[in-house]
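A short worksheet on the structure shown next.
The values are calculated or read from the model by the stated rules, or taken from the named source; none is laboratory data. Since the model is a prediction, treat every value here as computed from it, not as a measurement. Cβ sites come from the backbone with ideal geometry, for glycine too, and all protein chains shown count toward neighbours.
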Amino acid sequence: MPPIPDRSEWPVGRAEQLEPLVRRVLAPNPSPYTFTGTQTYIVGAGREVAVIDPGPDDTGADDHADTNGEGHVAAILAAVGDAKITAIACTHTHRDHSPASRPLQAATGAPIIGCAPLMLDDDGPRADAAFDPDYRPDRVLTDGEQISGDGWTLEAVATPGHTSNHLCYAVVESGALFTGDHVMGWSTSVVSPPDGDMAAYMASLQKLYDREDRVLYPAHGPQIDNPRQLVRGMLGHRRQRERQIVRLLEDGGPHAIAEFVSGMYKGLDERLHGAAGRSVLAHLIDLERQGRVAVEDERWMIRA
């Protein structure tokens, strides 16, 4: 995973025009998990616009101030200017994506339209610390549903896997696709059970590979100008990880999750070992469903 680049190359809180219908505003929340921060997109060039992934709720907090001393919501409003926000759309409900939907709605009256709220069953240790429990959409979009405004149309593309409620959004007029955390230009996505599902994630990658999008705009990292090439590589990477897991079990016997991580992720930043372990677990659960591996006392083994 690459280091966070020079922040001067990624201006915080300033609208950047990416194409006629798309502007980007970077939130001030860089981290090993968010790269340079969450990228909020504004769609539309006329009287009505949509805001995609408004980001964290940092309404003026000192520790999340942008370069002008204001919060990310203020930066979004400044970028929108006199246009009317007619939709606030979130790709999913991790806390670096959806919490700012509420103060943005309070400031503009715009409806929150997009991914479903995520409710995990309380059947064991919780895995939803990174989720936004207060997200309340006014309208949930299903695969293929559209919303439109002055000169633009957004179509929901259901892409479960990273989270079960993940949506991408296609700009019908231009061939652009906003991919949230499903496909990123700097790293692969974490797939964390019980909500994250590796089989669903792989199916969603294949779904994007079968599309003909011109450009991908992820929530983190640079735009992707070669969508099918990148997605093909991501599919291959995940299949390689699965083969690594099987080889480790065949050659070394039963393994705990931490042993997989040390054997598969040489040189990985220790702060990311936990996330790597979650993706390993997602692969193992998928292999278990296929009847290829089993687990006993938290140690995984080839199924006899």
Restricting to the stretch 81-102, and then to whatever is of a type in the set (A, V, I, L, M) and surrounded by 21 or more Cβ atoms within 10 Å (Cβ to Cβ), can you tell me which residue is farthest from LEU177 (Cα to Cα)? ALA100
When (1) touching a helix residue (DSSP H, G or I) at 6+ places or on another chain (Cβ under 6 Å); (2) in a loop (DSSP other than H, G, I, E, B); (3) surrounded by fewer than 21 Cβ atoms within 10 Å (Cβ to Cβ) are applied to VAL191, the one that fails is (3)
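So that you can scan it fast, the table gives a plain yes or no per residue for (1) crowded, with 21+ Cβ neighbours inside 10 Å; (2) under 18 Å from the mean Cα position of the chain (by Cα); (3) among the hydrophobic types (A, V, I, L, M, F, W, C); (4) under 11 Å from THR188 (Cβ atoms):
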| residue | (1), (2), (3), (4) |
| --- | --- |
| SER204 | yes, yes, no, no |
| LEU208 | yes, yes, yes, no |
| ARG211 | no, no, no, no |
| ARG241 | no, no, no, yes |
Residue ID - surrounded by the most Cβ atoms within 10 Å (Cβ to Cβ), chosen from residues in the stretch 144-155 that are under 13 Å from ALA87 (Cα atoms) and touching a residue at least 24 places away in the same chain (Cβ under 8 Å): LEU154
Name every residue in the stretch 14-60 that is among the charged types (D, E, K, R), assigned to a strand (DSSP E or B) and touching a Lys or Arg at 6+ places or on another chain (Cβ under 7 Å), in order of residue number. GLU16, GLU48
Does at least one position in the stretch 285-292 carry a residue that is touching a residue at least 60 places away in the same chain (Cβ under 8 Å), assigned to a helix (DSSP H, G or I) and within 17 Å of ARG247 (Cα to Cα)? yes
Tell me, please, whether a residue that is among the polar types (S, T, N, Q), assigned to a strand (DSSP E or B) and closer than 27 Å to MET234 by Cβ can be found in the stretch 97-108. no
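Report yes if some residue within the stretch 195-209 is part of a helix (DSSP H, G or I) and either β-branched (Val, Ile, Thr) or free of Cβ contacts under 8 Å to residues at least 12 places away in the same chain (or both); otherwise report no.
No, because not a single residue in the stretch 195-209 is part of a helix (DSSP H, G or I) and either β-branched (Val, Ile, Thr) or free of Cβ contacts under 8 Å to residues at least 12 places away in the same chain (or both).
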Looking only at the stretch 243-275, filter to residues that are touching a residue at least 60 places away in the same chain (Cβ under 8 Å) and part of a helix (DSSP H, G or I); which one of those is farthest from SER187 (Cα to Cα)? ARG271
Suppose the filter is closer than 21 Å to GLY46 by Cβ, modelled with pLDDT of 95 or more and aliphatic (A, V, I, L, M); does ALA100 pass it? no
